[in-house]
Structure formats: structure tokens, C-alpha cells
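The values are calculated or read from the model by the stated rules, or taken from the named source; none is laboratory data. Given the structure is predicted, the values throughout are model-derived calculations rather than measurements. Positions of Cβ are backbone-derived with ideal geometry, glycine not excepted, and every protein chain shown enters the neighbour counts. Surface accessibility is based on the protein's heavy atoms, side chains included, excluding ligands, DNA and RNA. Shrake-Rupley method; radii C 1.70, N 1.55, O 1.52, S 1.80 Å.
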Amino acid sequence: MNALSVAINSLAEGRARALYGQYVGKSGNTKRQRIYQEFGYPNHLTFDDFYNAYERNAIAGAAIKRMADGCWEDYPEVFEGEKSKDAEAESEWDKNLKRLLKRCWKQIKDADRRNMVGRYSALLIQLRDSGKWWEPANKTVIGRTADKALVKLIPVWESQLDVSEWDNDPDSESFGQPKMYSFTELPVEVQQGGAPARQISIHPDRVIILAEGADDGLLTSGVPLLRPGYNKLLDIEKVSGGSSEGFLKNASRQLNFAFSEKTDFRALAAALGVADGDLADALNEQVVRLNQSTDAATFMQAGTAEVLSVAAADPEPTWRTSLSEFCATIPMPVKILIGQVTGERASSEDMKDWARTRMSRRNGFLSDVIETLVRRFWTIGLIAPAANEEITVSWSDLLAPSQADRIDNMAKMAEVAQKTQQAFGRAAVKENEIRAVGELQTLHEYEPEQPPDPNKKPSGKDPLTDDKPTADPNPGNSSQ
């Protein structure tokens with residue numbers, strides 16, 4: 001067999017394996033190839049799967065909301081220059097950008113929420129530039145009114161925006177990037193009898209893409225927040241829904257009529273006032289009355305009526321196991337997601353871990369989104385470029401100690417200063433160092449004058465024997 005035949009066979013085997021995985025599933029279980037079908041998991045996940053989970057699954061909806069609200073607990077400061085410029089006063093450029101972003105933060109946060117549900121989301125930039133959506137931004141017109149040319153930002157879902165044309169020119173700087181987008185103006189929840197959907201082509205100048213996890217720059221490479229733990233969300237629904245269904249069936253009092261060989265069905269039918277052939281329906285009506293009323297009764301002839309019920313199993317252990325597995329994929333502590341706090345130390349450690357997760361996302365993906373948006377603003381003329389085209393996105397420190405912790409740390413440092421002063425005659429901690437721990441304003445320090453060194457040899461004139469020259473009170477007059 002030559003090399004060409006080996007290559008063809010390998011290619012055919014790979015395609016067959018891919019085709020098999022498409023219909024069977026990608027569980028990785030070599031013994032049970034249909035394990036996804038047996039467990040009720042979908043073979044391929046789409047935006048609709050994630051959106052339905054977000055809308056209808058309580059845990060999925062809470063995870064998206066907690067992550068969005070936690071990361072956007074406050075808004076960042078954006079200023080020109082490096083991080084060290086944060087301590088300086090606001091420049092005029094900083095003030096202009098702050099005024100512009102004040103109108104945009106809610107829309108940016110909403111676009112981030114939509115990005116976590118799907119592979120990507122987008123912000124459409126609606127401009128007052130006398131141009132069409134499918135045309136490049138008119139920088140000349142925008143430059144006349146600057147930030148007033150921004151009408152609003154429009155957050156959209158993945159299912160509403162798609163690429164209609166790609167840049168296939170290898171010599172282009174935007175090679176492999178979208179050349180034109182297609183926006184479908186239709187709610188994600190398709191409503192019957194609603195307005196007809198409109199499809200609009202949109203130029204990339206007017207679109208900002210949010211695709212978390214797409215490090216290769218392709219919007220389709222984004223990773224939905226719910227994708228790694230999607231199967232666990234279905235398991236949570238099975239456990240909680242199955243437990244509720246079992247409780248409902250036990251509460252509905254399903255009856256089992258057991259008749260003996262001495263039962264006279266004709267007499268029983270006559271007692272119920274029905275024909276012999278309608279006896280079964282009459283008994284069913286009794287069951288319905290029992291389930292609908294609390295004071296209904298039934299009677300039997302030479303038989304018994306028993307309630308069909310089973311002892312419901314405790315769903316919490318299985319439910320909590322699935323919940324823990326799902327939380328590990330976000331990542332988010334279980335106590336943060338469901339709001340349960342047990343044990344002060346455990347809660348404190350969970351809060352620190354949760355703060356680290358949010359800080360990592362803030363300083364990574366969200367800072368990149370904000371920087372991209374600001375650069376687009378000055379590219380199309382809404383604001384002037386920053387000095388050296390360098391900006392910094394500064395978030396508050398979620399790991400910073402609370403006010404009570406700062407005061408406690410100040411008290412401990414003051415105690416160290418007092419004890420070292422008594423032991424060595426000099427405090428090991430200065431006052432401003434203690435104030436810095438409490439994030440208080442620094443005071444001006446006065447250094448005490450040191451006594452002259454008696455061993456130092458004097459230089460120049462002897463102050464005891466030599467007179468200092470006196471200054472001439474009239475330096476302009478000269479002797480005749």
C-alpha cells in the first residue's frame with residue numbers, strides 16, 4: 001500500500017469518525033457510544049439551547065445574572081496615559097470621555113450579559129452622520145459635532161447578527177475579518193402576529209463585537225458561559241422536576257379499587273345510578289371528586305380503595321452534586337450562586353475566590369472591550385485620540401479590605417509603633433504608614449533637627465575668633 005492510499009484511508013476514517021460523532025454524540029465514552037442519547041443530552045448545542053436555559057432554568061439564569069452584576073458592580077475609570085497617571089488630576093480628554101461613556105455603561109453591561117449567553121454579542125453604534133447603516137462612518141460630519149453625533153448604542157444577541165461578507169483579500173489588513181454584517185431586527189423570542197422582521201446590512205465601522213474566549217479574533221470562536229456545564233443544568237432539571245412530579249402524584253391521591261369475588265357489579269352500578277357498562281366511568285368520577293374536593297367521599301361493595309403512593313427520595317444530595325459540578329465550570333462558589341452561607345471562614349474564602357474571578361474577568365476581557373470601544377470612538381471622530389493613543393482602564397480593587405478591616409489593621413500597626421517606641425526609643429512604624437493602611441490622606445512630616453556631631457572637625461573660619469564680614473548697607477555707594 002503506497003503513501004497516497006494510506007492518506008486517503010486516513011482521511012476517510014477521519015470523516016467517518018466525524019460523521020459518527022455527529023449522530024451519536026461526543027461523550028468520549030468508548031464503551032457506551034450512545035450515552036448522550038441515554039441521558040437525554042443533545043449532541044450539538046446551539047444558541048437556542050443556551051438561550052432557553054437562560055430563560056427557563058433557574059440556575060442558568062442566576063449564573064448569568066450573578067456574573068454580570070458581580071463584574072459590573074461599579075464602572076471603571078478610563079483615562080489617557082499609563083497606570084501611573086491615575087494619581088494625577090483629570091485631563092480635559094478624560095472629562096470628555098467620562099461624559100461620553102456615562103451614556104453607554106448600561107448598554108455595554110447588557111451586551112456583556114448577552115455575550116455570556118451566546119458565542120458572541122454586539123453593540124451597534126447608531127450615529128448622526130447622514131449615512132446609511134451599510135456605509136462607512138462619515139468622519140467629516142461626525143467631527144463637526146463630536147460626541148453629540150452618537151445617538152445610542154444598541155446591544156444585540158448572537159441570533160440577530162451574522163456575517164454576510166468576509167474580507168478574502170490576503171493583502172488586506174482586515175483579511176479574514178467581516179466585511180459586512182447582516183442584522184435581523186426581530187426579537188429573540190419569536191412572537192406570533194408581531195411586526196415583520198427587517199434585515200439590514202451594517203458596516204463594521206458601526207459594530208463592536210463581544211466574543212469572550214475568541215482569542216483567535218473570530219467571533220464564532222466565542223465560548224458561552226453555560227456550555228461546559230450545560231449537561232449538569234439538564235441533570236438539575238431532571239432531579240428537581242422529577243421530585244416535584246413525584247410529590248404531585250402522591251398529592252393527587254390516585255386510587256386503586258380492589259374488588260372481591262363477592263362483589264355484585266350490577267348492584268354497585270345501580271347504587272351509583274348508572275348503567276352496567278358505565279360503572280368504570282362512574283368510579284373515575286368519584287376519584288375526580290376526591291381530588292378536587294376535601295369533603296368528597298366514595299363507597300365500595302365487598303372491596304377496598306387504596307391510595308397509590310411511593311416514598312419520595314430526598315433529591316438534595318443528587319441535586320447538590322449536579323449543582324457543584326455546574327458551579328465548577330463557571331467558576332462560581334455554590335454559596336454565591338444560591339445565596340446560602342454556612343460557616344464564616346468558608347464564606348470568607350468563597351468571597352475571596354469570587355472576587356478573584358471577577359477581577360480576572362474585569363482586567364482581561366472587559367478591559368479589552370472598553371478599550372476597543374474607546375478606540376473606535378476616536379477612529380470615527382466622536383472624540384479626539386488620547387495622548388500617544390494610550391489609555392488605561394482602571395477598576396476598583398474587589399480584594400481590597402473593608403473599612404472595618406482597615407481600622408483593625410491600623411490599630412495593630414499603632415500597637416506595634418507603641419511597643420517598639422517603648423522598647424527601642426524609636427517607633428518601627430511611622431504615622432503616615434499607619435494612615436496609608438487606612439487609606440487616609442498623607443500628612444506632611446517634619447523631621448526634627450539633629451544635634452551637631454561633636455567629633456566633626458570644623459572647616460573654614462573659627463566662629464569664636466573670626467568675625468563675619470558685615471554687608472554694606474549701601475552697596476551702590478563707593479568711597480571717594
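Values computed for the structure shown
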| read-out | value |
| --- | --- |
| Region 391-435: number of residues that are open to solvent by 80 Å² or more (accessible area, probe 1.4 Å) and in a helix (DSSP H, G or I) | 11 |
| Those residues of region 51-73 which are open to solvent by 20 Å² or more (accessible area, probe 1.4 Å), in contact with a Leu (Cβ under 9 Å, 6 or more places away or on another chain) and closer than 21 Å to Trp395 by Cβ, in sequence order | Arg66, Glu73 |
| Check on Ser221, polar (S, T, N, Q), over 22 Å from Phe365 (Cβ atoms) and surrounded by fewer than 18 Cβ atoms within 10 Å (Cβ to Cβ) | no |
| So Asp235, is it touching a helix residue (DSSP H, G or I) at 6+ places or on another chain (Cβ under 6 Å) and touching a residue at least 24 places away in the same chain (Cβ under 8 Å) | yes |
| Region 128-139, residues that are open to solvent by 90 Å² or more (accessible area, probe 1.4 Å) and polar (S, T, N, Q) | Ser130 |
| Options Val416, Val393; residue that is of a type in the set (A, V, I, L, M) and within 30 Å of Arg128 (Cβ to Cβ) | Val393 |
| Residues that are over 30 Å from Glu349 (Cβ atoms) and modelled with pLDDT of 90 or more, drawn from region 391-418 | Ile391, Thr392 |
| Residue satisfying all of: in region 192-217; not in a loop (DSSP other than H, G, I, E, B) and not β-branched (Val, Ile, Thr); modelled with the lowest pLDDT among these | Arg198 |
| Qualifying residues in region 362-388 (those that are in contact with a strand residue (DSSP E or B) (Cβ under 7 Å, 6 or more places away or on another chain) and surrounded by fewer than 19 Cβ atoms within 10 Å (Cβ to Cβ)) - the one nearest to Arg206 (Cα to Cα) | Arg376 |
| Counted residues, region 140-191 - those being in a helix (DSSP H, G or I) and either under 29 Å from the mean Cα position of the chain (by Cα) or surrounded by 15 or more Cβ atoms within 10 Å (Cβ to Cβ) (or both) | 8 |
